[in-house]
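Here is the structure we will look at, set down as structure tokens.
The values are calculated or read from the model by the stated rules, or taken from the named source; none is laboratory data. Since this is a predicted model, take the numbers as computed values, not measurements. Cβ placement follows ideal geometry from the backbone for every residue including glycine, while neighbour counts extend to all protein chains displayed. Ligands, DNA and RNA are stripped out before the accessible areas are found, and what is left, the full protein with its side chains, is counted by its heavy atoms. Shrake-Rupley method; radii C 1.70, N 1.55, O 1.52, S 1.80 Å.
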Amino acid sequence: GAAAAAPAEVQLSRRRWAVLLLFSSYSLCNAFQWIQYGSVNNVFVRFYDVSAFAIDWLSMSYMLAYIPLLFPVAWLLDKRGLRLIALAGSALNAVGAWVKLGSMKPHLFPVTVLGQVICALAQVFILGMPSRIASVWFGSHEVSTACSIAVFGNQLGIALGFLVPPVLIPNVEDVEKLAYHISIMFFMTAGVASALFVLVILVFREKPPNPPSRAQASIQSRPTAEYSYVQSILRLLRNANFLLLMVTYGLNVGCFYALSTLLNRMVIHHYPGEEVNAGRIGLTIVLSGMVGALISGIWLDRTKTYKQTTLVVYIMSLVGMIIYTFTLSLGHLWVVFVTAGTLGFFMTGYLPLGFEFAAELTYPESEGTSSGLLNVSAQIFGIAFTIGQGQIMDRFCTKAGNLFLCSFLFLGTVMTAFIKADLRRQQANLENEQT
């Protein structure tokens, strides 16, 4: 008992960067498969002869699958560790990609739905991992940067999902030619997903030989019997600051999900025939957001100003959304690129901020559980906002749909101001250093 309680030597592992890069890569592949239909929505509507709403549901299946499966997967993460979750996520991602290759005829829409649902299951094993990998593998001075890089991979996948499909799949009339172009995209995705699964088997490890930080050493030295998964969730749900963050995170990221899913429809409505540029606008949103996410992570590691940074980024997300709303219909594509890029910088840059702020507010609870609850909130709001904005756009106009999102971002900004900066993980690191 005394030996178990003794803190282990703190030391950084060289393998940590390989683990992080590999996770980012298969997260990228999974995120690409999320948006690959939405970025050329009109093309898949014609190929499968289904409604635009049916294609929207291919994206929303990711959100829907996450909600009931979060708790079983988070429990597995706590009980069986990172390696099993990584293997399951990368395997399901590859299987889903291969299933989609069986949907190359217009009447085989149910097969592509099945492939997308399998990929959606894979996403449940991926979304809650960034903060856990960062904490288990990285030191206290680099944990926020590592979390940002882990989120970075997912965002790069969305960026490629906006960029690649419009280039690979031209909007041609001939269904046979269309099927050929779609099959190229599906084959490439399946090949990459399979290679990444093999790399996960060979490279990915459960944890480093030594804990990377004092806070992590304290967690690892705690007897297993002391930890209860159900009690952990109950403690999180009694944490008022975390509950506020959970709602505000859901509002912000839910808006991002709706915006990403419906972007093609919005741009095509104002700029007919501009499918490729619609994809490029999506790419601009995500690429600028990736820069924002990376800067946020580095800034947090240097300043530890979690509350202030989160609030400023939230306010700027609201301002960016308002500007985007009123410039979309001006008739100048370059203006849309600029405003969409500004919006993406802050809205996507918020993602790792939420994860890291949650890890601070809820220490020593599992990062997988806290980030999982944040993601459940995001998926619920994402489905509601995508359906709501889609209906408003169909009945009224795109401006009304975007104002619908602006109102919820305003609500989230106000709620973020009430979160108290109870930085428990920082306190634990300070106390351990002093003793």
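Summary of values
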| read-out | value |
| --- | --- |
| Whole-number Å³ per residue for the convex hull built on Cα positions in the range 227-434 | 110 Å³ |
| Low-density loop cleavage sites - chymotrypsin sites (Phe, Trp or Tyr not before Pro) in the range 115-185, where at most 14 other Cβ are within 10 Å (DSSP) | none |
| Selected from Ser144, Ser371, Ser61 as most flexible by GNM, with the chain as the system and alpha-carbon contacts under 10 Å | Ser61 |
| Given charges at Cβ of Lys, Arg, Asp, Glu: the chain dipole, positive-most of Ile285, Leu311, Leu259 | Leu311 |
| Rounded accessible area of His107 (nearest 10 Å², 1.4 Å probe) | 140 Å² |
| Accessible surface of Glu173 - all protein chains present, 1.4 Å probe, nearest 10 Å² | 140 Å² |
| Nearby lysines by direct alpha-carbon distance to Lys307 (threshold 19 angstrom, same-chain neighbours under 8 apart not counted) | Lys420 |
| Euclidean distance of C-alpha centroids, the range 256-272 and the range 280-301, integer Å | 20 Å |
| Helix 240-270 vs. the chain, principal-axis angle (Cα, 0 to 90°, nearest 10) | 20 degrees |
| Angle in degrees between helix 424-434 and the longest Cα principal axis of the chain, rounded to the nearest 10 | 30 degrees |
| Over 35 Å [Cα-Cα, the chain], rounded percent | 26 percent |
| Top of Glu360, Glu176, Glu275 by mean-square fluctuation, Gaussian network on the chain, Cα under 10 Å | Glu176 |
